[in-house]
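*Asks:* One structure, as structure tokens, below. Some questions next.
What follows is calculated from the coordinates using simple rules that are stated; it is not laboratory data. Keep in mind that this is a model prediction, so the values were computed, not measured. Ideal geometry is used to build each Cβ from the backbone, glycine not excepted, and the neighbour counts take in all protein chains shown.
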Ligand code: COI
């Protein structure tokens with residue numbers, strides 16, 4: 001795919017205090033745009049100065065939410081290379097989301113190449129302090145202008161970049177999670193398994209209420225019986241019960257996380273027993289009561305490996321690991337970030353080098 005590049009002649013000052021980056025607050029100098037029409041397919045890929053998108057008020061995504069997104073990261077390795085972590089997985093998942101939301105698929109090789117091009121243009125923005133990276137946010141919006149309800153005939157794909165630190169203000173310190181027993185996130189046949197904007201809009205009331213109670217995020221239960229554990233707002237969830245690692249199975253309501261998949265692959269390469277299955281919140285409460293809930297941690301591109309120090313379910317407060325990061329969570333974090341930043345060898349072939 002041919003990509004035109006229009007350089008920003010007014011570049012911004014790059015952040016120097018990497019400890020103060022936060023997550024997704026600073027945006028770089030350029031963005032990638034690719035348009036879609038039925039006649040031309042995905043076309044006119046261009047890297048342009050970062051700036052506002054101009055949308056007619058009748059643009060359909062503003063009314064009916066035909067909007068999907070992804071999240072992946074680029075790193076500067078210890079030997080100065082620019083790399084992305086498993087970008088093929090994100091591009092593939094973007095197309096899976098597109099299918100569910102009636103958005104036309106994009107050639108995965110073309111998109112991967114275009115994202116790599118943008119990252120190369122912006123590689124000077126990649127922070128290299130521990131725990132930082134360049135967060136990559138691709139998204140697609142329906143751009144046709146109409147007020148009836150039907151799939152858009154035109155789309156824009158946009159990719160923006162943000163030098164970022166940890167997703168949670170706690171960093172690698174354990175977070176407090178509230179088990180949501182009133183709102184639900186997804187039901188089978190819905191959109192829970194794809195990354196569409198509406199899933200996150202629908203989660204905000206619950207997140208706001210749990211944060212007012214002092215919790216970072218909520219743990220969702222299934223939408224029918226409200227018994228089975230699904231995922232946390234911005235991450236998948238893992239439990240270490242009596243030495244065995246369990247995580248909810250992908251039953252059609254949970255996001256198939258790239259970090260989730262990587263953790264399962266890494267654990268099996270170490271010979272650690274893992275199981276993807278249905279888990280009830282009662283089982284977790286019972287494990288906690290009998291002292292075998294060894295560790296709980298979340299996984300996500302933004303969240304990386306995020307230890308959970310407390311799970312609150314109704315009146316029951318379950319403290320996990322004495323508020324400290326567990327040994328397995330720490331080992332996973334060290335190995336994953338070690339591979340991502342080139343400090344450790346990559347036996348899995350996950351790292352994609354961005355070349356000229
Ligand atoms: C990610 O981990 O990349 C996400 O998209 C989660 C969140 C920031 C919405």
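*Asks:* Find the percent of Cα-Cα distances in segment 110-153 that exceed 12 Å, and round it to a whole number.
*Replies:* For segment 110-153, the share of Cα pairs beyond 12 Å comes to 72 percent.
*Asks:* Each label point is 7 Å from the Cα along the Cα-to-Cβ direction; what then is the distance between the points at residue 292 and residue 5, in nm?
*Replies:* 5.7 nm
*Asks:* Moving to a separate point now. Sorted from largest to smallest, which semi-axis lengths in Å does the alpha carbon gyration tensor of segment 148-206 give for its equivalent ellipsoid, taking the root of 5 times each eigenvalue?
*Replies:* Taking √(5λ) for each Cα gyration eigenvalue gives 28, 22, 9 Å.
*Asks:* If I build a Gaussian network model for the chain, linking alpha-carbon pairs within less than 10 angstrom, which residue out of 324, 261, 289 has the largest mean-square fluctuation?
*Replies:* 289
*Asks:* Moving to a separate point now. Can you work out the FRET efficiency for the pair residue 129 and residue 212, with r the C-beta to C-beta distance and R0 = 30 Å, to the nearest 0.05?
*Replies:* The value I calculate is 0.40.
*Asks:* Based solely on its DSSP helices, what 222 nm [θ] is calculated for the chain when runs of n ≥ 4 H residues each add -39,500 (n - 2.57) and the sum is averaged over all residues, nearest 500 deg cm²/dmol?
*Replies:* One gets -7500 deg cm²/dmol as the mean residue ellipticity at 222 nm.
*Asks:* Also, I was wondering about something else. If I take every Cα pair under 8 Å that is 6 or more residues apart in the chain, average their sequence separation and divide by the length, what percent do I get for the relative contact order?
*Replies:* Relative contact order of the chain: 19 percent.
*Asks:* Can I ask one more? Work out how much length residue 225 to residue 169 would gain on full extension: take 0.36 nm times their residue separation and subtract the Cα-Cα distance, in nm to one decimal.
*Replies:* So the extension gain works out to 16.9 nm.
*Asks:* Measure out, as a whole number of angstrom, how far apart the alpha-carbon centroids of segment 123-177 and segment 1-66 sit.
*Replies:* Distance between centres, Cα-based: 11 Å.
*Asks:* Using the beta-carbon distance between residue 316 and residue 205 and R0 = 25 Å, what value does 1/(1 + (r/R0)^6) give for FRET efficiency, to the nearest 0.05?
*Replies:* Given R0 = 25 Å and the Cβ-Cβ separation, E is 0.65.
*Asks:* Among 102, 158, 60, what is the fewest-to-most ranking by other Cβ atoms within 10 Å?
*Replies:* 102, 158, 60
*Asks:* Sorted from fewest to most neighbouring beta carbons within 10 Å, what does the list 182, 152, 306 look like?
*Replies:* 182, 152, 306
*Asks:* May I ask for log10 I(q)/I(0) of the chain at q = 0.16 Å⁻¹, from a Debye sum over the Cα atoms as equal point scatterers with solvent left out?
*Replies:* Once normalised to I(0) and log-transformed, intensities are -1.51.
*Asks:* If you don't mind, another one. In the Gaussian network model of the chain, springs joining C-alpha atoms below 10 Å, which of 171, 124, 233 carries the largest mean-square fluctuation?
*Replies:* Answer for the Gaussian network model of the chain: 124.
*Asks:* Moving to a separate point now. Assuming a viscosity of 0.692 mPa s and a temperature of 37 °C, what translational diffusion coefficient in µm² per second does Stokes-Einstein assign to segment 163-308, Rh being the Kirkwood radius over Cα pairs?
*Replies:* The estimated diffusion coefficient comes to 211 µm²/s.
*Asks:* Right, next: Take 26, 281, 68 and order them by how many other Cβ atoms sit within 10 Å, fewest up front.
*Replies:* Placing the least packed residue first, the sequence is 26, 281, 68.
*Asks:* Semi-axes of the equivalent ellipsoid of segment 209-283: what are they in whole Å, largest first, if each equals the square root of 5 times a C-alpha gyration tensor eigenvalue?
*Replies:* Values for segment 209-283, descending: 23, 14, 13 Å.
*Asks:* Let me ask something additional. Given N residues in segment 1-82, what is Rg(Cα) / (2.2 N^0.38 Å)?
*Replies:* Relative to the 2.2 N^0.38 Å estimate, segment 1-82 comes out at 1.41.
*Asks:* If you don't mind, another one. Would you mind checking segment 266-295 for residues with the amide N under 18 Å from a putative spin-label position 7 Å along Cα→C-beta of residue 334?
*Replies:* 266-272, 295
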